[in-house]
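Before any comments, here is the structure.
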Amino acid sequence: MTGRQLSTHSITELDTLAGASVDSAADYYPVYDASQGKVVRVLAGGGAFGDPLVNVTASTLAVTRADHARKIVTLNRAAGIAVTLPAATGTGETYTFIIGTTVTSNTTTIKVADASTTMVGAALLAADAGTTMHMYEANGTDDTITMDGSTTGGLAGDKVVLIDIAANLWQVNYIGAATGVEADPFSATV
């Protein structure tokens with residue numbers, strides 16, 4: 001980029017570019033926009049997509065692309081949360097869920113939107129905080145992940161990442177911990 005003048009913007013101009021109001025330039029990071037031929041700034045917390053962290057304490061969550069894609073959704077309800085994914089259409093969008101509060105009653109479930117959609121991928125669960133791992137496969141007929149706070153995971157720090165890879169198909173990676181007699185967190189319930 002030698003010989004080119006990089007543009008700078010005032011806070012007001014940055015607000016207009018990002019579509020939001022902020023308190024300081026520290027809330028932005030620079031991005032080169034080839035269509036404008038200059039460096040612009042967007043919100044550090046995810047640009048037009050808003051805050052990258054979503055905290056959920058309600059008993060249900062209907063996941064949407066606009067509110068949850070490319071974000072970290074922290075599930076913070078000891079009595080469990082029923083999470084429903086959007087329809088899988090092959091967008092390539094990634095949805096990340098972290099168990100923030102260990103499930104102590106009921107279950108936290110992550111389910112697909114309809115009976116024609118399934119999951120492929122795997123779950124790795126550490127056995128009783130030891131060095132042994134159990135691996136479970138989502139075999140293409142499974143459509144639900146169940147975390148019970150014990151045998152199928154659901155302990156604070158567990159992480160589930162789902163990618164919308166094709167019409168009616170989610171790819172899943174679940175890394176967590178389990179207690180008791182570890183069990184398969186995948187099933188077909190939708």
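Please figure out what share of the DSSP beta bridges in the range 116-190 is antiparallel and state it in percent, rounded to the nearest 5.
Details: 17 of 27 bridges.
Once the DSSP bridges in the range 116-190 are tallied, antiparallel ones form about 65 percent.
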So what is the relative contact order of the range 71-139, in percent, for Cα pairs below 8 Å that sit 6 or more residues apart?
32 percent
Residues with amide H under 5 Å from that of V120, placed H, sequence gap 5 or more:
W170, Q171, V172
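Need one word for the range 103-158: rounded, prolate or oblate. Basis is the Cα gyration tensor (sqrt eigenvalues a ≥ b ≥ c); a/c below 1.5 gives rounded, then a/b vs b/c decides. Before the final figure, lay out the partial values.
Details: a/c = 3.37, a/b = 1.46, b/c = 2.30.
Oblate shape, in that a/c is at least 1.5 and b/c is the bigger or equal ratio.
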Could you order D143, D67 by accessible surface area, starting with the largest, using a probe radius of 1.4 Å?
D67, D143
For S59, S150, give the ranking by accessible area with the largest first, probe 1.4 Å.
S59, S150
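Can you tell me, using C-alpha contacts under 8 Å and at least 6 residues apart, the relative contact order of the range 114-161 as a whole percent? Before the final figure, lay out the partial values.
Values: 48 pairs, mean separation 15.6, N = 48.
Computed value for the range 114-161: 33 percent relative contact order.
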Once phi is turned into θ = phi - 60°, what whole-Hz ³J(HN,Hα) does the Karplus curve with 6.51, -1.76 and 1.60 give for every residue of the range 184-190, x standing for Gly and Pro?
5, x, 9, 7, 10, 10, 8
Taking Cα pairs under 8 Å and at least six residues apart, what relative contact order does the range 84-190 come out at, in percent?
38 percent
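Can you give the net charge of the other residues whose Cβ lies under 15 Å from the Cβ of V190, counting K and R as +1 and D and E as -1? Write down the numbers at each step before the final one.
Values: positive: K111; negative: D114, D142, D143.
Summing Lys and Arg as +1 and Asp and Glu as -1 gives -2.
The values are calculated or read from the model by the stated rules, or taken from the named source; none is laboratory data. Quantities reported herein were computed from a predicted structural model and do not represent experimental measurements. All Cβ positions, even for glycine, are placed from backbone atoms using ideal geometry, and neighbour counts span all protein chains on display. These accessible areas exclude ligands, DNA and RNA; they are computed on the full protein's heavy atoms, side chains included. Shrake-Rupley method; radii C 1.70, N 1.55, O 1.52, S 1.80 Å.
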